[in-house]
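Contents: one structure, followed by commentary.
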Amino acid sequence: MNGANGLDRPTDAAGVQAWLHEAGVAAVLLGFVDPSTIVRAKTVPIARFAQVASSGVGLSTLFNVATSNDQFALLPGYIDGPSGDLRLRPDPAATVPLAAMPGWAWAPVDQYTQEGDPYPGCPRAFTTRMVNGFADRGLSVLAVFEFEFSVGTRDGDGALVPAHEGPGYSDIALVRNHDLAFDLITTMEAQGLGLQQFHPEYADGQFEMSFAPRDPVGAADSAMVIRQTVRAVSRRHGLEVSFAPQTGPDTGNGAHVHLSLWEGDRNLMSGGDGPAGMDARGEGFIAGILEELPAVVAVAVPTVLGYERLQPHHWSGAMQCWGTENREAALRFVQGSTEATAGAANIEIKPVDGTANPYLTIGALLAAALHGMDAGDRLPPPTVEDPDGLSDDVKAARGVRRLPTSLSEAADAFAASTVLAGAMGDFLYQTFLATRREECVQYAGLDVDELIRRLWWRF
């Protein structure tokens with residue numbers, strides 16, 4: 001991002017501080033992403049950056065159990081009161097100037113204890129551990145989020161007045177917002193985010209952006225910069241943005257994840273003898289995700305509102321199955337069908353929305369994939385039809401099931417997952433589960449309209 005992966009910038013803290021200063025940066029936003037992907041922002045002047053990269057800045061441990069309405073899920077024995085502090089250390093190598101906010105830079109953070117030890121509740125460290133697990137096996141993963149979001153203004157009651165009324169994917173919607181679209185495209189390019197395409201989406205006021213894949217930690221870092229950029233650019237045009245999973249009765253915003261598995265320069269999701277041409281390890285990778293998906297959904301769809309989007313016939317991936325180019329399946333396999341396109345083969349995980357912490361989401365997906373690969377898991381037959389319309393016998397034969405229909409149900413699946421418990425470690429696993437249980441309590445008994453009213457502008 002903006003030279004982050006090039007040879008034209010340093011990676012050490014002092015060098016990055018000087019580089020940022022020369023680029024006109026005066027302030028660095030340290031982005032702590034909480035369990036509901038709300039960014040808790042700490043800012044330091046550029047003159048303090050190198051010092052902070054070493055010693056960190058303080059933040060209460062309570063924010064690791066924050067819910068989306070700024071309450072806290074206290075958990076005796078883990079985080080159970082106001083005492084406790086951690087240190088947020090920015091990663092100099094991943095710190096980038098913000099093209100949409102001149103004078104500012106964004107720094108992803110890792111969490112440490114006051115004594116300088118890695119903090120066990122750090123989501124970014126979790127993703128890094130999972131990446132290292134693949135590296136230990138001589139493998140690597142490429143990952144990327146694609147974002148849907150709603151744009152508009154607020155009326156007197158705080159409701160969304162959409163920036164377009166469709167038609168979906170149309171030039172009409174694009175022309176109405178061509179200034180915003182041009183600004184978003186050029187700013188994303190200036191940021192070095194690898195924008196691949198932009199288009200108006202199906203729902204009123206909805207747009208989608210797709211990006212090039214990168215390493216999993218970098219993909220999660222980039223996801224947060226993408227969101228920051230969309231918000232800042234839209235504000236220049238007098239518009240506001242929501243990444244909430246539901247902003248109206250017919251609007252569902254997703255944040256689908258694409259993953260591919262590599263051995264050197266060979267994509268293990270193509271060129272093999274397995275289903276759709278997968279290598280056996282690529283098949284095990286996908287099968288592991290498919291098997292663990294009900295538990296992963298608690299991470300990828302972490303709010304009560306998200307289950308209003310996760311419905312059959314909405315291309316949200318509500319059914320636990322896989323299929324080549326099947327947009328109703330939870331796992332859509334994108335096949336590299338020719339030698340020229342073999343490198344593009346990947347799996348799209350659809351039941352993910354914009355309230356998902358990107359580090360926890362990618363970490364959980366990789367944990368499931370690694371387990372499936374190591375266990376030699378195999379995929380059931382693919383589903384090419386609408387999975388919700390299959391007979392009960394066919395569903396049973398293929399293992400097709402409805403994914404959790406509520407956050408409470410997803411939290412129960414998460415609580416039963418030995419795979420995620422082992423991968424995340426007890427502290428991160430238990431505290432995240434506590435936040436999802438508390439999220440259910442905080443929003444119990446509210447209808448869809450009230451959930452939307454409370455949550456759409458928090459994301």
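The values are calculated or read from the model by the stated rules, or taken from the named source; none is laboratory data. Worth saying up front: this structure is predicted, and the values here are computed from it rather than measured. Quick reminder, even Gly has a Cβ in these numbers, built from the backbone with ideal geometry, and neighbours come from all protein chains shown. Surface accessibility is based on the protein's heavy atoms, side chains included, excluding ligands, DNA and RNA. Shrake-Rupley method; radii C 1.70, N 1.55, O 1.52, S 1.80 Å.
So, in the stretch 46-55, of the ones that are open to solvent by 70 Å² or more (accessible area, probe 1.4 Å) and of a type outside the set (A, V, I, L, M), which residue ends up nearest to A66 (Cα to Cα)? Among them, the one singled out is S54. Any residue at all in the stretch 309-330 that is open to solvent by less than 10 Å² (accessible area, probe 1.4 Å), without any contact (Cβ under 8 Å) to a residue 60 or more places away in the chain and of a type in the set (A, V, I, L, M)? Looking through the stretch 309-330, at least one residue is open to solvent by less than 10 Å² (accessible area, probe 1.4 Å), without any contact (Cβ under 8 Å) to a residue 60 or more places away in the chain and of a type in the set (A, V, I, L, M). Scanning the stretch 136-153 for residues that are over 14 Å from S260 (Cα atoms) and either exposed (fewer than 12 other Cβ atoms within 10 Å of the Cβ) or of a type outside the set (D, E, K, R) (or both) returns D136, G138, F147, F149, S150, V151, G152, T153.
Working only within the stretch 443-453, note down all residues that are outside any loop (DSSP other than H, G, I, E, B) and surrounded by fewer than 17 Cβ atoms within 10 Å (Cβ to Cβ). Explain how you work it out, then say what you get.
Just the residues of the stretch 443-453 that are outside any loop (DSSP other than H, G, I, E, B), to begin with: 448-453.
The answer is V448, D449, E450, R453.
When the residues of the stretch 348-357 are filtered to those that are touching a Ser or Thr at 6+ places or on another chain (Cβ under 7 Å) and of a type outside the set (A, V, I, L, M), the one that is surrounded by the fewest Cβ atoms within 10 Å (Cβ to Cβ) is K350. Listed conditions (1) assigned to a helix (DSSP H, G or I); (2) crowded, with 22+ Cβ neighbours inside 10 Å are all met by N132, apart from (2). Would you confirm, using the coordinates I've provided, whether A368 is at pLDDT 95 or above and either polar (S, T, N, Q) or in a helix (DSSP H, G or I) (or both)? The answer is yes for A368. Going through (1) in a helix (DSSP H, G or I); (2) touching a residue at least 12 places away in the same chain (Cβ under 8 Å); (3) under 21 Å from the mean Cα position of the chain (by Cα) one by one, D388 falls short only on (3). When the stretch 38-71 is filtered for residues that are touching a helix residue (DSSP H, G or I) at 6+ places or on another chain (Cβ under 6 Å), modelled with pLDDT of 95 or more and of a type in the set (A, V, I, L, M), the ones remaining, listed by number, are V44, I46, A50, A53.
Just one of (1) within 30 Å of F149 (Cβ to Cβ); (2) out of contact with any Phe, Trp or Tyr (no Cβ under 8 Å at 6 or more places or on another chain); (3) not aliphatic (A, V, I, L, M) fails for P404. It is (2). Considering only residues of the stretch 256-277 that are modelled with pLDDT of 95 or more and either part of a helix (DSSP H, G or I) or among the small types (G, A, S) (or both), which is surrounded by the most Cβ atoms within 10 Å (Cβ to Cβ)? Only one residue tops the list, namely S260. Cβ-Cβ under 8 Å, sequence separation 6+ or interchain: first residue in the stretch 153-165 and over 15 Å from A203 (Cβ atoms), partner part of a strand (DSSP E or B) and open to solvent by 30 Å² or more (accessible area, probe 1.4 Å). Which pairs? As it stands, the answer is T153/L160; T153/V161; T153/E240; R154/L160; R154/V161; R154/E240; D155/V161, since those pairs meet every condition given.
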